[in-house]
1. Would you confirm, using the coordinates I've provided, whether A102 is more than 11 Å from the chain's Cα centre (by Cα) and crowded, with 21+ Cβ neighbours inside 10 Å?
2. Can you name the condition, by its number, that T101 falls short on among (1) touching a Ser or Thr at 6+ places or on another chain (Cβ under 9 Å); (2) closer than 19 Å to D148 by Cβ; (3) not acidic (D, E)?
3. When residues of the range 134-156 are filtered for being farther than 21 Å from V21 by Cβ and in contact (Cβ under 8 Å) with a residue 40 or more places away in the chain, how many remain?
4. Which residue out of R82, R122, R112 is of a type outside the set (S, T, Y) and touching a Cys at 6+ places or on another chain (Cβ under 9 Å)?
5. Can you pull out the helices (runs of 4 or more DSSP H) entirely within the range 29-133 that have at least 1 residues that are within 21 Å of G16 (Cβ to Cβ)?
6. For the range 40-91, enumerate the residues that are under 21 Å from A102 (Cα atoms) and of a type in the set (G, A, S).
7. For residues that are in contact (Cβ under 8 Å) with a residue 40 or more places away in the chain and surrounded by 13 or more Cβ atoms within 10 Å (Cβ to Cβ), scanning just the range 45-61, find the one that is farthest from G115 (Cα to Cα).
8. Give me the pairs: first residue in the range 4-25 and assigned by TED's automatic domain parsing to the domain that holds G67 and among the β-branched types (V, I, T), second residue modelled with pLDDT under 75 and surrounded by fewer than 16 Cβ atoms within 10 Å (Cβ to Cβ), beta-carbon distance under 8 Å, and six or more apart or on different chains, which are they?
Amino acid sequence: MSPEIDVIHDVSHDKGIFVLVKTSNKSSGELQDKKFSGGGTLYENMGELIEKLSKDSVGKYGYSRIGAVVGATYKERAAELRQKLKHTFFLIPGYGAQGGTAQDLKVCFDSRKLGGIVNNSRGILTAYKGEKYKNMTYQKAARQAALDMQKDIWEAL
């Protein structure tokens, strides 16, 4: 194993990483959906590699120190990856401004409703510009947007 990979398995650092697998942007398929001559796509091969490398760093909740960025905007691919990547924690972009919904991203979580964290930077940071939050300060709009997102996701799960 290379020194870079050994660092991942050294739990004394108490750190983890996220690897891009299937991102939420519309053009992600230009690279991530490319087929390998030996089979599978880039995103499938990246997922398999993460699961393989992380087998020795699985913690008490069943997830490893190596996570995968898996977008909410590709629900079918996210569901496929969740089935294959049993020990991989997902960082889930695409909710909100990019069009991903709570219903779309629920496939990224396991049966215990664990295994992912949802990113909604633009939806929270620019909430004050939206009609729903127009009479609020920046801070109150951001807080309310985060609370609304939390409620939306919990209802879907």
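The values are calculated or read from the model by the stated rules, or taken from the named source; none is laboratory data. Predicted model only: the values in this text are computed from it and were never measured. Note that each Cβ is placed from the backbone with ideal geometry, even for glycine, and that neighbours are counted across all protein chains shown.
1. When the stated conditions are applied, A102 does not pass them.
2. (1)
3. Adding up the residues that qualify gives 4.
4. Answer to the check: R82.
5. Result: 42-53, 75-84, 102-105, 121-125.
6. Result: G67, A68, G71, A72, A78, A79.
7. Applying the filter and picking the extreme gives L53.
8. As it stands, the answer is V7/H13, since those pairs meet every condition given.
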